[in-house]
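*Asks:* Before we start, here is the structure in question, set down as structure tokens.
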Amino acid sequence: MIYHIQIHPRTYHFRQPAGTSRGIYTTRKSWMLTITSPDEPGRCGVGECTPLPDLSCDAIPEYERTLESVCGMFILNGAINYDMMRPYPSMLFGLETALLSFERGSDVLFDTPFGRGEEGIPINGLVWMGSYDEMLSRLEAKLKAGFRCVKLKIGAIDFDKELDLIRHIRSAYDKDSVELRVDANGGFSPTEAPHRLEQLARYDIHSIEQPIRQHQWQDMARLCRETPLPIALDEELIGVNMPSMKQHLLDTIRPQYIILKPSLHGGMHGAEEWISMARERGIGSWVTSALEGNVGLNAVAHFAAKMYGPHVSMPQGLGTGQLFTDNVDMPLCVRGDSLWRQGDAVAETAKP
């Protein structure tokens, strides 16, 4: 089949600054891919390429030029060369999404109960970094909205104040009422991490993401052996794209969980490899978005429904659809603590 691809740069604007351990985001740059074919007039597929600055392994200065080359190779071959695209996960994710939506003629990428609008996917409520009062206010809003799993970004304020916030939650909600996850984004040093994990473990924390910075495999392996609460790897997986290296990482560190963001961790193809290898080793996993717009979020949601369905039980990290003032319209909505697909409308995403 003959394909054509159009690339449209797009900038999203956050409703409020999004604080992370790597700085504060106020805008988000994205590149939309629209696939068409003269062999299928009137049909199109849309995908989203959204690298994270200073984090994605393919957040390179010549991103758009490289994306044009990658799309040119796809058009020339008429298929995705997954091995060639391993170094470019955000580009691969966008291309995979566009091709799937083109082939299905819909934004429903896989046939699942979620895709048919029969089931929602449970999600965690995300509380961004901020002052104690800001985080408390955001937390209470999530609980009032009905979330039973809450993820706290920690590392922005004094650790004792963050413990106070967690203590406040547990004074009102036990672990059977609210599941607590925390994300340190590599904010602890290897020497202080064991004590901080012990302090957090007193409050029935479900898991902690990336307690120390990536590329410290032996320190992370020791933490995972000795930790009083489960550890989930996130940033650690970035740039580990070859199957042999994925196996080596999992066998060396032996985490309790891994967290997959297709835009960062090899597209859907690479994320599926990670999940399969983790399952073989008794390691749990879940999927989250990487601050994409709704086109990317929709794709991640359908991927999660495919990988963990037909009845997804573990909360996924998919509650980012309301982050932007100028997001793309998609038939997604949050009801209570679950993400649902509603209606049969296909998003009008081909516009720049």
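*Asks:* Packing-wise, with mean Cβ within 10 Å as the measure, how do 29-38, 110-119 rank, highest first?
*Replies:* Values: 29-38: 19.9, 110-119: 16.9.
Order by mean packing, descending: 29-38, 110-119.
*Asks:* Still on this structure: Nearest 10 degrees is fine. How inclined is helix 243-253 to the longest principal axis of the chain, computing both from alpha carbons?
*Replies:* 10
*Asks:* May I ask for the angle, rounded to the nearest 10°, between helix 63-77 and the longest principal axis of the chain, with both axes built from Cα atoms and the value confined to 0 to 90°?
*Replies:* The angle comes out near 50 degrees.
*Asks:* Can you compute the radius of gyration and Dmax for the stretch 210-352, using only the Cα atoms, both in Å?
*Replies:* For the stretch 210-352, the Cα radius of gyration and maximum Cα-Cα distance read 16.4, 51 Å.
*Asks:* Among ALA172, CYS224, HIS302, which residue has its Cα furthest toward the positive end of the charge dipole of the chain, with +1 on Lys/Arg Cβ and -1 on Asp/Glu Cβ?
*Replies:* Going by the Cα projections, it comes out as ALA172.
*Asks:* Would you kindly derive the ³J(HN,Hα) couplings of the stretch 293-301 from the backbone phi angles with the Karplus curve 6.51 cos²θ - 1.76 cosθ + 1.60 (θ = phi - 60°), listing them in order in whole Hz, with x for Gly and Pro?
*Replies:* x, 5, 5, x, 4, 4, 5, 4, 4
*Asks:* Which value at 222 nm does the chain reach when only helices count, each DSSP H run of 4 or more adding -39,500 (n - 2.57), with the total divided by all residues and rounded to the nearest 500 deg cm²/dmol? Before the final figure, lay out the partial values.
*Replies:* Working: 9 runs with 117 residues, N = 352.
So the helix-based figure for the chain works out to -10500 deg cm²/dmol.
*Asks:* Moving on to the next point. For the stretch 115-215, what proportion of DSSP beta bridges, expressed in % and rounded to the nearest 5, is antiparallel?
*Replies:* DSSP beta bridges in the stretch 115-215 are roughly 5 percent antiparallel.
*Asks:* Another question about this same structure. Mind putting a number on the dipole of the chain about its Cα centre? Charges go on the C-beta only, +1 for Lys and Arg and -1 for Asp and Glu, and I need it in Debye to the nearest 20.
*Replies:* 420
*Asks:* DSSP loop chymotrypsin sites (Phe, Trp or Tyr not before Pro) in the stretch 117-179 with at most 10 other Cβ atoms within 10 Å of their Cβ, which ones? If you can, show how the numbers build up before the last one.
*Replies:* Details: sites: TRP128, TYR132, PHE147, PHE159, TYR173; in loops: TRP128, PHE147, TYR173.
Passing both the DSSP loop test and the Cβ count: no residue.
*Asks:* Per 5 Å bin, what is the whole-percent P(r) computed from every C-alpha pair distance within the stretch 88-137?
*Replies:* 4, 16, 12, 13, 15, 13, 10, 12, 5, 1
*Asks:* Another question about this same structure. If you roll a 1.4 Å probe over the heavy atoms of the protein chains, what accessible area per residue do you get for the chain, in Å²?
*Replies:* Details: 14550 Å² over 352 residues.
Roughly 41 Å² per residue, with all protein chains present.
*Asks:* So, one more: Around HIS265, what is the net charge, scoring Lys/Arg as +1 and Asp/Glu as -1 over all other residues with Cβ under 12 Å from its Cβ?
*Replies:* So the surrounding residues net to -3.
*Asks:* Report the equivalent ellipsoid semi-axes for the stretch 108-163 in whole Å, largest first, defined as the square roots of five times the eigenvalues of the gyration tensor built from alpha carbon atoms.
*Replies:* They are 32, 12, 8 Å, listed from largest to smallest.
*Asks:* On average, how much area does the Cα convex hull of the stretch 46-119 cover when viewed from any direction, in nm²?
*Replies:* Values: hull surface 23.5 nm².
Averaged projected hull area, Cα only: 5.9 nm².
*Asks:* Then there's this: Please state, rounded to one decimal and in Å, the Kirkwood hydrodynamic radius that the stretch 1-96 gives when every pair of distinct Cα atoms enters the mean of 1/r. Can you show the working numbers first?
*Replies:* Values: mean 1/r = 0.0691 Å⁻¹.
With all distinct Cα pairs of the stretch 1-96 included, I get 14.5 Å.
*Asks:* Further question: Taking the radius of gyration and the Kirkwood hydrodynamic radius from Cα positions alone, what is the Rg/Rh ratio for the chain, to two decimal places? Intermediate values should be presented prior to the final figure.
*Replies:* Working: Rg = 19.8 Å, Rh = 20.7 Å.
A ratio of 0.96.
*Asks:* Order of 72-80, 328-336 by packing, highest average Cβ count within 10 Å first?
*Replies:* 328-336, 72-80
*Asks:* Carbon and sulfur together cover what percent of the accessible area of the chain at a 1.4 Å probe radius?
*Replies:* With neighbouring chains kept in place, the figure for the chain is 49 percent.
*Asks:* Between 0 and 90 degrees, rounded to the nearest ten: what's the tilt of helix 267-280 against the longest Cα principal axis of the chain?
*Replies:* 50
*Asks:* Moving on to the next point. Please work out, to two decimal places, the log10 of the ratio I(q)/I(0) at q = 0.14, 0.21, 0.26, 0.32 Å⁻¹ from a Debye calculation in which every Cα of the stretch 234-284 carries one identical scatterer.
*Replies:* -0.26, -0.63, -1.01, -1.57
The values are calculated or read from the model by the stated rules, or taken from the named source; none is laboratory data. Since the structure is predicted, the reported quantities are computational estimates derived from the model, not experimental observations. Every residue, glycine as well, gets a Cβ built from its backbone with ideal geometry; the counts of neighbours run over all protein chains shown. When the accessible area is computed, the model is the full protein with side chains, heavy atoms only, and any ligands, DNA or RNA have been set aside. Shrake-Rupley method; radii C 1.70, N 1.55, O 1.52, S 1.80 Å.
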